[in-house]
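Structure record follows, encoded as structure tokens.
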Amino acid sequence: NKLNQNITLTDDQLRPTVWIDASMPIGYPTIDMIKSLSMMEPFGVGNPQPIFAEQHFRILRGRKLGKEGNVLRLRIANQRGEQADAVMFFGVEEFESFIYKEWGELNLKKMYQAQSNDIDIAFTYYPMINEYQGMESIQMRINSYCRIQ
């Protein structure tokens, strides 16, 4: 109790901070650029993977994948109308709770039904190459998200 009474931290100091390497629109990455980024691997403690970000995404549709439903595939669009596939490999339930809390149950349902919704969200991401049935496409691996204030 004494520690809590003497705390001098502000609400801003207690808010989590996300550091990014660059703001990059989702329409910018190309397969060649992503292959160039992969030359910096392996990523780890001494060589962190670059983090990119963009604000004001609309979620056009969402779909859970995997036996446990623990992977989320999204189709997203930015303010310029550029669209991309995005994937979240962690925290699907937390993401759904966040959407529910911030925009309500109706918008969460609309997201999964590929209907127009009011979600306006920011993502940090890393661009990846998705290879499926011999075809390569670009997808964004979502690292974190927040509501734009």
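The values are calculated or read from the model by the stated rules, or taken from the named source; none is laboratory data. Model, not experiment: these values are computed from the prediction. Cβ atoms come from the backbone with ideal geometry, glycine included; neighbour counts cover every protein chain shown. Only protein heavy atoms, including side chains, enter the accessible area calculation; ligands, DNA and RNA are left aside. Shrake-Rupley method; radii C 1.70, N 1.55, O 1.52, S 1.80 Å.
Of note:
- The single condition from (1) in contact (Cβ under 8 Å) with a residue 60 or more places away in the chain; (2) of a type in the set (A, V, I, L, M); (3) more than 17 Å from ARG58 (Cβ to Cβ) that MET140 fails is (3).
- Count - residues of region 114-131 that are over 18 Å from ALA84 (Cβ atoms) and in contact with a Gly (Cβ under 9 Å, 6 or more places away or on another chain): 1
- Residue count for region 1-43, restricted to those that are out of contact with any strand residue (DSSP E or B) (no Cβ under 8 Å at 6 or more places or on another chain), of a type in the set (A, V, I, L, M) and modelled with pLDDT under 90: 4
- Annotation note: of GLU94, GLU102, the sole residue that is in a helix (DSSP H, G or I), open to solvent by 10 Å² or more (accessible area, probe 1.4 Å), closer than 16 Å to ARG58 by Cβ and among the acidic types (Asp, Glu) is GLU102.
- The residue that is least open to solvent (accessible area, probe 1.4 Å), among those in region 129-149 that are over 17 Å from ALA77 (Cα atoms) and among the charged types (D, E, K, R), is GLU136.
- Residues of region 5-25 that turn out to be assigned to a loop (DSSP other than H, G, I, E, B), open to solvent by 90 Å² or more (accessible area, probe 1.4 Å) and of a type outside the set (Phe, Trp, Tyr), as a count: 7
- Considering residues of region 108-128 that are among the aromatic types (Phe, Trp, Tyr) and within 23 Å of TRP19 (Cα to Cα) only, the residue surrounded by the fewest Cβ atoms within 10 Å (Cβ to Cβ): TYR126
- In region 26-48, the qualifying residues are those that are open to solvent by less than 50 Å² (accessible area, probe 1.4 Å) and assigned to a loop (DSSP other than H, G, I, E, B), and the one that is nearest to GLU94 (Cα to Cα) is ILE26.
- The number of residues in region 95-125 being hydroxyl-bearing (Ser, Thr, Tyr) and within 19 Å of GLN79 (Cα to Cα) comes to 3.
- Tally, over region 1-31, of residues that are within 24 Å of ILE51 (Cβ to Cβ) and either polar (S, T, N, Q) or under 18 Å from the mean Cα position of the chain (by Cα) (or both): 16
- Flag for ALA114 being within 16 Å of the chain's Cα centre (by Cα) and small (Gly, Ala, Ser): no
Residue-by-condition table, conditions (1) in a loop (DSSP other than H, G, I, E, B); (2) more than 13 Å from the chain's Cα centre (by Cα); (3) exposed (fewer than 11 other Cβ atoms within 10 Å of the Cβ):
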site	(1), (2), (3)
PRO50	yes, yes, no
GLN55	no, no, no
ARG58	no, no, no
ARG61	no, yes, no
GLY69	yes, yes, no
ILE76	no, no, no
ALA86	no, no, no
LEU106	no, yes, no
